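See structure below.
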Amino acid sequence: QCVVNTVSQIEEIDTEVVVKLADQMRMMNFPQWFDLLKNIFSKFTIFLKRIKATLNTIRSVVFLVLDKNQKTRDLEDTLQKNSAKDNTVDTEVAYLTHEGMFISDAFSEGDLPPVAADTTSQRNTSPNSEPCSSDSVSEPECTTDSSSSKEQTSSSVTPGGVEMMISDDMKLTDLELVRLANNIQELLYNASDICHDRSVKFLMARAKDGFLEKLNSNEFVALSRLMEGFILDTEQICGRKSMSLRGALQSQANRFVNRFHEERKTKLSLLLDNERWKQAEVPAEFQDLVDSVSDGRISLPEKKPAATEERKPTEFLIVEGQKYATVGTVLLLIRIILEYCQCVDNIPSITTDMLTRLSDLLKYFNSRSCQLVLGAGALQVVGLKTITTKNLALSSRCLQLIVHYIPIIRAHFEARLQPKQFSMLRHFDHITKDYHDHIAEISAKLVAIMDSLFDKLLSKYEVKAPVPSACFRNICKQMAKMHEAIYDLLPDEQTQTLFLRINASYKLHLKRQLAHLNVVNDGGPLNGLVTSDVAFYTGNLQALKGLNKLDLNMAEIWEQKR
């Protein structure tokens, strides 16, 4: 009836053309359908509350009857115990009457035996035995115990004061009454299950054309919260969980997770396939995004007024005081990662599924970026002429940025998992290792580039005037180019570590060439020429930014005397 009423009010739906009610309902847009579902849940909630009130009334009546039965038994027991004393009073009354005296003259109210007084009081004040008065029933209706026993029926007085005659074969035993009181609750459970089952049918009818799977994140979160709210309301009313609607919600949530993940993975794939691996400017909104992740808490910032658009982009992303040079793809990847985390907050039931999907996304970025940069796939995909040292260093820094967020993401999911699910967190440990391995491979590649250069240049090195030699001038020029390419991209300590490794490679090749030329550290003319070249190299290298304190240990180029 809710559907019929709603459909009839929507002008766009022609009920004469579209005959079936389900088809009419499927023509609604999301806001219309959402309001309809909200209305249905409201009606079901009222329905269950009325059912509960009705059943509570029935239960109250059952308890009243049980209470009356108990009081009747107590009264009968009291009368039987005191029958002897009652007989004594009756004998005295008969004697006094026989002598022509009035009972009231012989006994004042205070002189009555205690048991008789109690019995009289109990009969007159019993809440379940209405007195014969005009307020309750007429005099003929006030039957005596003897008359009701003759008819072999029991008299039952309702709370309204109307006495009913119930034959013994119709009278419920106390055991049956107790069973009835207990089973009444099952009726409420059944009513709740029916409401949930009907809601599932309504939901499935709308999901038939994939409508629910196409909802955006905000719409699905709103739907999920509405359904969760109704489920909790019915559980509170009935005191028991009904599982069908919860199961349907979980099923739809699983489909939503699949689509949510596939959309973002496809988007990431397209971004990577168009990425030229050049440093990108950082719009203010992305700086706000990373600033919102404070103290390990992840929350997407609200969109600020249009005035904030006037803020100029910056060269670097600042994360906890550290500068990160990055590419456009990684800026968007950070937003996507935070969307996964936010989704888990909005729909707690999908936490484990989201963890698995996010792990897959992070692994995909790592492997695909490796193929494009280290594997030089970007040459074919986006037409780069070559993979430069700058491309490599930038790729390394992007990976480091993602690694920075992995512990925060891990903690976010850990706080929302059950203890028995903590083993799933190992995915993040594996991902962290994979990223560190990738970063190490990039560093090794940068060293290998210079190692190849040293092998090529120093293999032709000849110890002769003038100094500095053309070979060493060329080496210093290439070292300066390498430094210029990576210095603004990598932190100082990483630059220093990298150049120490490059210097170690340089010393190895020079030592090999000097041994080949039989030049030894003997203080002779050839030794002097080599020392001058090495001094030129050392001076140039230490003149580069951040490398002035580098311990080059050039004595290692000479063979040690044994």
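Give me a count of the residues in segment 345-401 that are open to solvent by 10 Å² or more (accessible area, probe 1.4 Å), closer than 28 Å to ALA480 by Cβ and part of a helix (DSSP H, G or I).
5
What number of residues within segment 318-351 are among the charged types (D, E, K, R) and either closer than 16 Å to ASN258 by Cα or within 13 Å of the chain's Cα centre (by Cα) (or both)?
Number of matching residues: 2.
Only one residue in LEU526, LEU508, LEU500 is over 53 Å from the mean Cα position of the chain (by Cα), open to solvent by 70 Å² or more (accessible area, probe 1.4 Å) and at pLDDT 95 or above. Which one?
Testing whether each residue is over 53 Å from the mean Cα position of the chain (by Cα), open to solvent by 70 Å² or more (accessible area, probe 1.4 Å) and at pLDDT 95 or above leaves just LEU508.
When you scan segment 1-45, how many residues do you find that are outside any helix (DSSP H, G or I) and in contact with a Phe, Trp or Tyr (Cβ under 8 Å, 6 or more places away or on another chain)?
0
Pairs please, first residue from segment 459-470 and among the basic types (Lys, Arg), second anywhere and open to solvent by less than 30 Å² (accessible area, probe 1.4 Å) and outside any loop (DSSP other than H, G, I, E, B), Cβ atoms under 7 Å, 6+ apart in sequence or on different chains.
Cβ pairs passing all conditions: LYS460/CYS471.
Does at least one position in segment 409-422 carry a residue that is open to solvent by 20 Å² or more (accessible area, probe 1.4 Å), of a type outside the set (A, V, I, L, M) and in contact with a Ser or Thr (Cβ under 8 Å, 6 or more places away or on another chain)?
Taking every residue of segment 409-422 in turn, at least one turns out to be open to solvent by 20 Å² or more (accessible area, probe 1.4 Å), of a type outside the set (A, V, I, L, M) and in contact with a Ser or Thr (Cβ under 8 Å, 6 or more places away or on another chain).
Identify the residue in segment 442-478 that is aromatic (Phe, Trp, Tyr) and part of a helix (DSSP H, G or I) and, among all such residues, is nearest to the chain's Cα centre (by Cα).
The qualifying residue nearest to the chain's Cα centre (by Cα) is PHE454.
Taking segment 232-244 on its own, how many of its residues are in contact with an Asp or Glu (Cβ under 8 Å, 6 or more places away or on another chain) and either under 26 Å from GLU339 (Cβ atoms) or open to solvent by less than 10 Å² (accessible area, probe 1.4 Å) (or both)?
Final tally of qualifying residues: 1.
Determine, yes or no, whether GLY229 is over 15 Å from the mean Cα position of the chain (by Cα), open to solvent by less than 40 Å² (accessible area, probe 1.4 Å) and of a type outside the set (Val, Ile, Thr).
Considered against the rule, which asks whether it is over 15 Å from the mean Cα position of the chain (by Cα), open to solvent by less than 40 Å² (accessible area, probe 1.4 Å) and of a type outside the set (Val, Ile, Thr), GLY229 comes out as yes.
Which of (1) outside any helix (DSSP H, G or I); (2) surrounded by 16 or more Cβ atoms within 10 Å (Cβ to Cβ) is the odd one out, the single condition GLN494 does not satisfy?
(1)
I'd like to check something: does segment 325-343 contain any residue that is assigned by the TED database to the domain that holds ASP429, of a type in the set (D, E, K, R), in a helix (DSSP H, G or I) and more than 24 Å from THR495 (Cβ to Cβ)?
Scanning segment 325-343, I find at least one residue that is assigned by the TED database to the domain that holds ASP429, of a type in the set (D, E, K, R), in a helix (DSSP H, G or I) and more than 24 Å from THR495 (Cβ to Cβ), so the answer is yes.
Does segment 431-443 contain at least one residue that is in the same structural domain as ILE298 (by the TED database), within 20 Å of ARG264 (Cβ to Cβ) and open to solvent by less than 20 Å² (accessible area, probe 1.4 Å)?
Checked segment 431-443: at least one residue is in the same structural domain as ILE298 (by the TED database), within 20 Å of ARG264 (Cβ to Cβ) and open to solvent by less than 20 Å² (accessible area, probe 1.4 Å).
With the checklist (1) open to solvent by 50 Å² or more (accessible area, probe 1.4 Å); (2) assigned to a helix (DSSP H, G or I); (3) in contact (Cβ under 8 Å) with a residue 60 or more places away in the chain in hand, flag the one item CYS195 doesn't pass.
The failed condition is (1).
Looking at segment 258-273, is at least one residue touching a residue at least 60 places away in the same chain (Cβ under 8 Å), acidic (Asp, Glu) and open to solvent by 10 Å² or more (accessible area, probe 1.4 Å)?
Checked segment 258-273: at least one residue is touching a residue at least 60 places away in the same chain (Cβ under 8 Å), acidic (Asp, Glu) and open to solvent by 10 Å² or more (accessible area, probe 1.4 Å).
Quick one: count up the residues across segment 23-41 that are touching a Lys or Arg at 6+ places or on another chain (Cβ under 9 Å) and open to solvent by 30 Å² or more (accessible area, probe 1.4 Å).
Residues in segment 23-41 being touching a Lys or Arg at 6+ places or on another chain (Cβ under 9 Å) and open to solvent by 30 Å² or more (accessible area, probe 1.4 Å): 1 in total.
Restricting attention to segment 519-538, which residues are of a type outside the set (A, V, I, L, M, F, W, C) and either farther than 12 Å from TRP558 by Cβ or in a helix (DSSP H, G or I) (or both)?
Once the filter is applied, which keeps residues that are of a type outside the set (A, V, I, L, M, F, W, C) and either farther than 12 Å from TRP558 by Cβ or in a helix (DSSP H, G or I) (or both), segment 519-538 yields GLY524, PRO525, ASN527, GLY528, THR531, SER532, ASP533, TYR537, THR538.
Would segment 255-272 turn up any residue that is of a type in the set (Lys, Arg), closer than 18 Å to ASN346 by Cβ and touching a Phe, Trp or Tyr at 6+ places or on another chain (Cβ under 9 Å)?
Looking for residues that are of a type in the set (Lys, Arg), closer than 18 Å to ASN346 by Cβ and touching a Phe, Trp or Tyr at 6+ places or on another chain (Cβ under 9 Å), one finds at least one in segment 255-272, hence yes.
Tell me which of these SER60 doesn't satisfy, since it passes every other one: (1) within 30 Å of LEU177 (Cα to Cα); (2) in contact with a Lys or Arg (Cβ under 9 Å, 6 or more places away or on another chain).
Unmet for SER60, out of (1) within 30 Å of LEU177 (Cα to Cα); (2) in contact with a Lys or Arg (Cβ under 9 Å, 6 or more places away or on another chain): (2).
The values are calculated or read from the model by the stated rules, or taken from the named source; none is laboratory data. From a predicted model like this one, the values you see are computed outputs, not experimental measurements. Glycine also receives a Cβ, built like all others from the backbone with ideal geometry; neighbour counts cover every protein chain displayed. The accessibility values were calculated without ligands, DNA or RNA, using every heavy atom of the protein model including side chains. Shrake-Rupley method; radii C 1.70, N 1.55, O 1.52, S 1.80 Å.
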